[in-house]
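Enquirer: There's a structure below that I have some questions on.
The values are calculated or read from the model by the stated rules, or taken from the named source; none is laboratory data. Remember, it's a predicted structure, so these values are computed and weren't measured experimentally. Glycine also receives a Cβ, built like all others from the backbone with ideal geometry; neighbour counts cover every protein chain displayed. Please note that ligands, DNA and RNA were not included when accessible areas were found on the heavy atoms of the full protein model with its side chains. Shrake-Rupley method; radii C 1.70, N 1.55, O 1.52, S 1.80 Å.
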Amino acid sequence: ACAQLQLAVPVAVVFAPGSVSGDLPRPLPFGDVQETEIAVNQRTSVTSRYETVYRSTTAREEAALDAATAREADAALHLLQDASVGSLTVYVVPETSPLLPQGVSVYVGKHRSALVRAGGDLAALRTRLQQLTQVMSFTATSIAAALSDRVPDGQLGPDARRHLKSSLGYEITFSLLNPDPKSHDVDWDIEDAVNRYVQPVLDKLSLVANFSVDSQILYYAVLGVTPRFDKESSSFLLSAHSLPHVINPVEARLGSSAASLYPVLNFLLYVPERSHSPLYIQDKDGAPVPTNAFHSPRWGGIMVYNVEAPASPQASLPLHVDVDMVRVMEVFLAQLRLLFGLSWEELPPEFLLESPGNEGLADWELDRLLWAHTVENIATVSTTLTSLAQLLDKIGNIVIKDDVASEVYQAVASAQRAMAELAAGHLHSAFQASREAVTSSERAFFDPSLLHLLYFPDDQKFAIYIPLFLPMAVPILLSLAKIIRETRQRKKEPTKMD
């Protein structure tokens, strides 16, 4: 299935007084369009269109830019913007503006706008804008990663298949592993921690998918690897190459992914047993990992939480342990961002990113996710429908019911609508349409009326019907043979002439 995708990004470049460069091609306001081709493969072409409007600030925007700090200006400008999903607004401020700290020429806010220091001519500004749009919308790499199933392996970076595939929903499970309950009585306030730290992030991500969260405590669940004792530090170490073997034995105990419709993200907090404490994770170079945690792409993450040994050896067991949830949640939220591909790529040193605060991700990061997921959904629909068509070609006697046919038509219509909305620069409606297309195509592909016919080939029919028809057929065939014999006999006998 050939797909030509056009991704249109509406960008507004707004000049504050004293920041207009002298070499503008025509008086403000004016617009221009820049197109670049993103190479995926022979059958899929993706074009990005940056539709830019250059204009001057309004009086209210000017007042907002008079704020004391970039953060305050960003908050004030956010209220004035038409911040539709997927659009960007770049405010160009004079070179002498006190809003940007020394050495910073680009400030990325936590909504959908950025401040850029005016420097040099229009060409220099355009280069900076190009860097900025790549940070705030999508890059060739992020689109290639979204289409990773169609891209030849050699062309993808090592991180392309790290993040989760687009799905209509995700299940998140937090598990506390206490392998030694005789020594440690561990208490964690997971409900409060989820409400306080995880829920704001999931509320923001609810545009992308549905989430469900649960938690559990597993006793006597041990890691599949015995850590190595290190005499110098008198601690136990898990080396980087043994980490993949840690997951399988633990996963058998988790038992959540079997019954789940959606991808499951596992976040495990492991309190090592007393005989293996303290336990530290080492990286590839043998240095201790500062967070004492690691993550597994598309699976989740594990954090090792060491308990301090009691001061007196006579202390009564089990020791009561209150888990510091702030420290744990910082690690788990960072891993959650990694799993969704929200880690920042290497940025030029003159860029300053505003921290998204307790929401966990900025508006433009949400847009980045939507760009990638929309493209991935359209590709998934085209693959699913192509597979379905090939399957139906192979099975000659399959009956397509009207409801299956209507799901296929709906999937095609929704995918075409998603592509049209992308080309028009309406990211939110494009994403919604791509989700509908995925739902319809999967309903058609997994329809029960098709499933039981798939497993009913011709040789199976013969195997079923021959034992039924053979006993009936034998006397019929014998009678036929007898009739034929008698007819022949009659023909041979000469008729008597009187």
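Enquirer: Select from segment 84-118 the residues that are open to solvent by 30 Å² or more (accessible area, probe 1.4 Å) and small (Gly, Ala, Ser) and write down the one among them that is farthest from the chain's Cα centre (by Cα).
Expert: Filtering first and then ranking leaves Gly103.
Enquirer: Right, another one. Would you tally the residues in segment 212-225 being open to solvent by 30 Å² or more (accessible area, probe 1.4 Å) and touching a residue at least 40 places away in the same chain (Cβ under 8 Å)?
Expert: So the count comes out to 9.
Enquirer: Moving to a separate point now. Taking Ser387 as the residue in question, decide whether it is open to solvent by 40 Å² or more (accessible area, probe 1.4 Å) and either assigned to a helix (DSSP H, G or I) or more than 14 Å from Leu164 (Cα to Cα) (or both).
Expert: Yes; evaluated as a whole, the condition is true for this residue.
Enquirer: Let me confirm something: among Val375, Val328, Val381, which residue is farther than 25 Å from Arg49 by Cβ and of a type in the set (A, V, I, L, M)?
Expert: Within the list Val375, Val328, Val381, the selection yields Val328.
Enquirer: At least 3 residues that are of a type in the set (A, V, I, L, M) in each: list the strands (runs of 3 or more DSSP E) lying fully within segment 48-146 that qualify.
Expert: In segment 48-146, 88-93, 113-117 are the strands (runs of 3 or more DSSP E) which contain 3 or more residues that are of a type in the set (A, V, I, L, M).
Enquirer: Considering only segment 178-189, I want to know if a residue exists there that is buried (at least 18 other Cβ atoms within 10 Å of the Cβ), of a type in the set (A, V, I, L, M, F, W, C) and either in the same structural domain as Leu370 (by the TED database) or closer than 15 Å to Val323 by Cβ (or both).
Expert: yes
Enquirer: Scan segment 294-307 and give yes if some residue there is more than 25 Å from Leu361 (Cα to Cα), in contact (Cβ under 8 Å) with a residue 60 or more places away in the chain and either assigned by the TED database to the domain that holds Ala334 or part of a helix (DSSP H, G or I) (or both), otherwise no.
Expert: Within segment 294-307 (the criterion being more than 25 Å from Leu361 (Cα to Cα), in contact (Cβ under 8 Å) with a residue 60 or more places away in the chain and either assigned by the TED database to the domain that holds Ala334 or part of a helix (DSSP H, G or I) (or both)), the answer is yes, since at least one residue qualifies.
Enquirer: May I ask you to list pairs of residues, at least six apart or on different chains, whose Cβ atoms are under 6 Å apart, with the first in segment 164-177 being open to solvent by less than 10 Å² (accessible area, probe 1.4 Å) and the second being among the polar types (S, T, N, Q)?
Expert: Going by the 6 Å Cβ cut-off, the qualifying pairs are Gly169/Asn210; Thr173/Ser256; Thr173/Asn266; Phe174/Ser215; Ser175/Gln216.
Enquirer: Against the condition more than 26 Å from the chain's Cα centre (by Cα) and in contact (Cβ under 8 Å) with a residue 40 or more places away in the chain, how does Val323 come out, does it pass?
Expert: For Val323, the condition - more than 26 Å from the chain's Cα centre (by Cα) and in contact (Cβ under 8 Å) with a residue 40 or more places away in the chain - is met.
Enquirer: Ok, one more. Search segment 1-32 for residues being touching a Lys or Arg at 6+ places or on another chain (Cβ under 9 Å) and within 15 Å of Asp121 (Cα to Cα), and hand back the single one that is modelled with the lowest pLDDT.
Expert: So the residue we want is Ser19.
Enquirer: In segment 390-418, what residues are buried (at least 17 other Cβ atoms within 10 Å of the Cβ), modelled with pLDDT of 90 or more and either among the hydrophobic types (A, V, I, L, M, F, W, C) or not assigned by the TED database to the domain that holds Ala430 (or both)?
Expert: Val408, Ala411, Ala415, Ala418
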